[in-house]
1. Determine whether the stretch 198-217 contains at least one residue that is more than 18 Å from SER255 (Cβ to Cβ), charged (D, E, K, R) and within 24 Å of the chain's Cα centre (by Cα).
2. Out of the residues in the stretch 270-283 that are of a type outside the set (Gly, Ala, Ser) and assigned to a loop (DSSP other than H, G, I, E, B), which is nearest to ALA182 (Cα to Cα)?
3. Could you tell me whether any residue of the stretch 289-296 is of a type outside the set (Asp, Glu), in the same structural domain as HIS194 (by TED's automatic domain parsing) and touching a Ser or Thr at 6+ places or on another chain (Cβ under 6 Å)?
4. GLN261: farther than 24 Å from HIS194 by Cα and touching a strand residue (DSSP E or B) at 6+ places or on another chain (Cβ under 6 Å), yes or no?
5. I'd like to know if the stretch 255-269 contains one or more residues that are under 21 Å from GLY186 (Cα atoms) and part of a helix (DSSP H, G or I).
6. Would you mention how many residues in the stretch 200-220 are surrounded by 15 or more Cβ atoms within 10 Å (Cβ to Cβ), without any contact (Cβ under 8 Å) to a residue 60 or more places away in the chain and within 18 Å of LEU183 (Cα to Cα)?
7. Please specify each residue of the stretch 267-285 satisfying the condition of being surrounded by 20 or more Cβ atoms within 10 Å (Cβ to Cβ) and either under 19 Å from TYR224 (Cβ atoms) or not assigned by TED's automatic domain parsing to the domain that holds HIS180 (or both).
8. Take ALA292 and decide whether it is part of a loop (DSSP other than H, G, I, E, B) and aliphatic (A, V, I, L, M).
Amino acid sequence: MQVSRDASNQLAIDPSATERLSSLARSNPKEAIRQVASQFEAILLNQMMTSMRSNGFDGEEDSSALGTYRGMLDQQMVNVMVQGGGTGLADMLARQIEGVARIDRTATPAASSGMLPLPALPATAAKAIRQYAEAAGTATVAPAPVAIPSERQAFVSTLLPHAGQAAERLGVAPELLVGHAALESGWGSRSIRHPDGRESYNLFGIKAGGAWRGESVATLTTEYVDGKARKQVESFRSYPSLQAAFDDYATLLESSSRYQQALNQGDNAQGFAVALQQGGYATDPAYARKLAGVAQSLLAR
C-alpha cells in the first residue's frame with residue numbers, strides 16, 4: 001500500500017489530521033480512501049494492544065500517568081506498523097471502497113450487487129481480526145489453539161478433574177473455574193500456606209468471614225480502595241483438599257444472591273467474569289477483564 005510521505009511521518013496523536021484528510025479527499029480521493037483505510041486498521045490494532053495491556057495476570061500496579069504514556073507509545077508503534085505495510089487489512093478495505101465508489105476505473109468490473117467481490121483476506125489480517133474479536137468477547141470464528149506453558153498446563157491438568165462436579169452445579173464450563181483459580185493463585189505460584197508450611201488449598205481467595213466454621217490462615221493480600229491498591233493482612237479459609245476447595249466455591253456462588261448472574265453461563269467467560277465482579281467478588285477494577293482473559297485462553301487451548 002502506497003502512503004504519502006506526510007502521512008508516513010505524522011504522529012499517532014495529530015489534531016490537524018482530519019483537516020488534512022478532508023483537503024486530500026477533494027484533491028485526491030483515491031489516496032484519501034487509502035489513508036482512511038489505514039486509520040481503520042490502526043484503530044483495530046490499537047484496540048488489540050489495549051486489550052493485551054489490560055490482561056495483566058500478575059497484578060501490575062502501574063500509575064495512571066505511566067498508563068497514559070504507555071498508551072501514547074502503543075499508538076505511535078501501531079502508526080509506524082501500519083505505515084510500514086500493516087496486516088494487509090487496510091489495502092483490502094481501500095480496494096473495496098474504491099470499487100463501491102467507482103474511483104478506480106481499472107478495477108475488476110463490479111458484480112451485480114454493485115460491489116467488488118472481496119479479495120482473499122491475508123492470513124495476518126485474519127489473525128488480527130480473530131484476536132480482536134476474542135479480546136472483545138464477540139468471536140464468531142473458532143479461536144486458534146493457545147499454547148500454554150508446561151508448568152501452567154500441569155496446573156490445569158491437576159485441577160480440571162476436581163472442577164467438573166463444581167462446574168456442573170454452577171452451569172459453567174470447568175475451564176472457567178480453573179481460570180478463576182489460576183488468576184487468584186497466580187497459576188499456583190501464590191498458594192496460601194499455614195505458618196508450618198501446610199497447604200490451605202484456597203484456590204479462589206475466599207476469605208474466612210464470621211460465618212466460617214472451618215480452619216483459617218492469615219496472609220498478606222492486595223485490596224483496592226477508591227481505585228488504589230494497598231497491601232493488608234486478611235484471614236482466608238483453609239481446606240483439607242482440592243476437592244473441598246472446589247465444593248466450597250460452588251456452594252458460595254450457589255447460595256449467595258450476589259452471584260446468581262454468574263450461574264448457567266456455560267462457556268461465556270466474559271459473562272461469568274463480569275457477573276462475579278459486579279457481585280463484588282474482588283475489589284480490583286480490572287478483575288473481570290483479567291478473569292475473562294485467563295478463562296478464554298483455557299477454552300481456546
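1. Looking for residues that are more than 18 Å from SER255 (Cβ to Cβ), charged (D, E, K, R) and within 24 Å of the chain's Cα centre (by Cα), one finds none in the stretch 198-217, hence no.
2. Just the residues of the stretch 270-283 that are of a type outside the set (Gly, Ala, Ser), to begin with: 270, 272, 274, 276-278, 281, 283.
Adding the requirement that they be assigned to a loop (DSSP other than H, G, I, E, B) leaves 281, 283.
Details: TYR281: 15, THR283: 17 Å.
In this case the residue turns out to be TYR281.
3. There is at least one residue in the stretch 289-296 that is of a type outside the set (Asp, Glu), in the same structural domain as HIS194 (by TED's automatic domain parsing) and touching a Ser or Thr at 6+ places or on another chain (Cβ under 6 Å).
4. No, not satisfied.
5. In the first step, residues of the stretch 255-269 are kept if they are under 21 Å from GLY186 (Cα atoms); the result is 269.
From the residues that got through so far, the ones that are part of a helix (DSSP H, G or I) too are 269.
The answer is yes; a qualifying residue exists.
6. Residues that pass the stated criteria total 7.
7. Within the stretch 267-285, ALA273, VAL274, ALA275, LEU276, GLN277, TYR281 meet the criteria.
8. no
The values are calculated or read from the model by the stated rules, or taken from the named source; none is laboratory data. What you are looking at is a predicted structure, and each value in this text was computed from that prediction instead of being measured. With ideal geometry, Cβ positions are generated from the backbone for all residues, glycine too; neighbour counts draw on all protein chains shown.
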